[in-house]
Amino acid sequence: MSTIRATAASTSGPFQMDQDWLPFHPNPSKPLFVPPPGAVDAHCHVFGPGDVFPYAPERKYTPCDAPKEKLWALRDFLGFERNVIVQATCHGADNRAVVDALRHSNGRARGVATVKPDITDAQLQELDEAGIRGVRFNFVKRLVDVTPREVLLSIAERIYPLGWHIVIYFEATDLPELFDFFSSLPTPLVIDHMGRPDVTKPVDGPEFELFLKLLRDRPNIWSKVSCPDRLSKSGPPRYEDVIPFARRVVESFPDRVLWGTDWPHPNMKNHMPDDGKLVDFIPQIATTPALQRKLLVDNPLRLYWHR
Ligand code: 0GY
């Protein structure tokens, strides 16, 4: 794994990585689970490097540099073929690092951007040509300042004609208040990390039921069954307490689920997941080859590589 061995603790340019932040795993294990041919890591990020792609002044954290070359090395090592790179909040609405990665991916990466409502049609077109297929709306208060809903709606209306979707990131406790807004958005929606359920609560309880209802109510809402490392209280390497939640989503909505590593795992402060062990989580939640193929190949290709 020398190719991805970290200079991870470093951040370049005028930036210093947050002291309470763990760098990505320097030497992940080789997974036992072999992903099917064509598998897509549908949630990951690139950070900087800061001396080339500076972090945004409004960011809530300063990460370690996690450049595209290390992402490609991880992709190959884990047995994946493609990536969906999601703009992280530390880069604000400056999508240059993601766009640069997409342009150097030989068509093997697509992206999700963050945009402001004053973006021009020409700029949207440029993002589309680079491989951007969606925008992200982030409602996690520790990560972003609140954007008014009418602003988000105006962005949704701008990207709708492009055939893009909206990735939404929120915590389960905020869903009751956000539910109607989400239902009113015109594009397909992709929910990050199953809406961050509290996995100490019952999988059949009212909190997770509201999330499942959102998916049941609208056939064009998808979910990433990702980030057991963020959700688990039982912890690594098996993250057992997350399994019933993720399995419920995969089995209820097999054609609308996606999976991703979340590399380089921003804001992990207690433990840094071993990416190989995260891949070994997949057969726990998608228990048949048919479900695995939908989760890792058919679904992400349909959403991100349909053109
Ligand atoms: C994730 C999760 C987190 C961060 C971000 O854009 C971001 O900064 O998404 C988080 O801190 O929970 O999916 O990458």
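The values are calculated or read from the model by the stated rules, or taken from the named source; none is laboratory data. Just so you know, these numbers come straight off a predicted model, no measurement behind them. Every residue, glycine among them, receives a Cβ derived from its backbone with ideal geometry; neighbour counts consider all protein chains shown. When the accessible area is computed, the model is the full protein with side chains, heavy atoms only, and any ligands, DNA or RNA have been set aside. Shrake-Rupley method; radii C 1.70, N 1.55, O 1.52, S 1.80 Å.
Whole-Hz Karplus values for segment 215-220 come out as 6, 5, 5, 10, x, 10 Hz, taken residue by residue from phi with 6.51 cos²θ - 1.76 cosθ + 1.60 and θ = phi - 60°; glycine and proline positions read x. Derived from the Cα gyration tensor, the three semi-axes of the equivalent ellipsoid of the chain are 25, 24, 19 Å, largest first. The phi-based Karplus calculation (6.51 cos²θ - 1.76 cosθ + 1.60; θ = phi - 60°) puts the 3J(HN,Hα) values of segment 93-98 at 9, 9, 8, 4, 5, 5 Hz, whole numbers, x for Gly and Pro. Evaluating 6.51 cos²θ - 1.76 cosθ + 1.60 at θ = phi - 60° for every residue in segment 293-306, the Karplus couplings come out as 5, 4, 4, 9, 10, 4, 5, x, 5, 5, 7, 10, 10, 6 Hz, glycine and proline recorded as x. Each Lys or Arg adds one and each Asp or Glu takes one away; over the other residues whose Cβ falls under 13 Å from the Cβ of Thr187, this sums to +3. Pull up all non-local amide H partners of Ile221: gap of 5 or more, or a different chain, and H-to-H distance under 5 Å with H placed in the peptide plane. Correct list: Leu189.
Measuring between their Cα centroids, segment 182-220 and segment 90-122 lie 26 Å from each other. For the pair segment 235-286 and segment 31-74, the centres of their Cα atoms are 17 angstrom apart.
Structure remark: mean-square fluctuation, Gaussian network model of the chain, C-alpha springs under 10 Å; the largest value among Thr62, Thr114, Thr288 belongs to Thr288. Each Lys or Arg adds one and each Asp or Glu takes one away; over the other residues whose Cβ falls under 11 Å from the Cβ of Asp241, this sums to +1.
Amide H to amide H, with H built 1.01 Å from N, Ala109 comes under 5 Å of Asn83, counting only residues 5 or more places away or on other chains. The alpha carbon radius of gyration of segment 37-184, expressed as a multiple of 2.2 N^0.38 Å, is 1.05.
At 1.4 Å probe size, with every protein chain present, just tell me what the per residue accessible area of segment 115-304 comes to in Å².
On the way: 7590 Å² over 190 residues.
In whole numbers, segment 115-304 has 40 Å² accessible per residue.
Relative to the globular-protein estimate of 2.2 N^0.38 Å, the Cα radius of gyration of segment 1-112 stands at 1.06.
May I ask you to derive the FRET efficiency for Asp198 and Asn27 from their Cβ-Cβ distance with R0 = 35 Å, giving the value to the nearest 0.05?
Numbers: r = 32 Å, r/R0 = 0.91.
Plugging the Cβ-Cβ distance into 1/(1 + (r/R0)^6) gives 0.65.
Within the accessible surface of the chain, defined with a 1.4 Å probe on protein heavy atoms only, the carbon and sulfur portion equals 54 percent.
Sparsely packed loop sites in segment 264-306 (the trypsin sites (Lys or Arg not before Pro) outside DSSP H, G, I, E and B with at most 13 other Cβ atoms within 10 Å) comprise Lys269.
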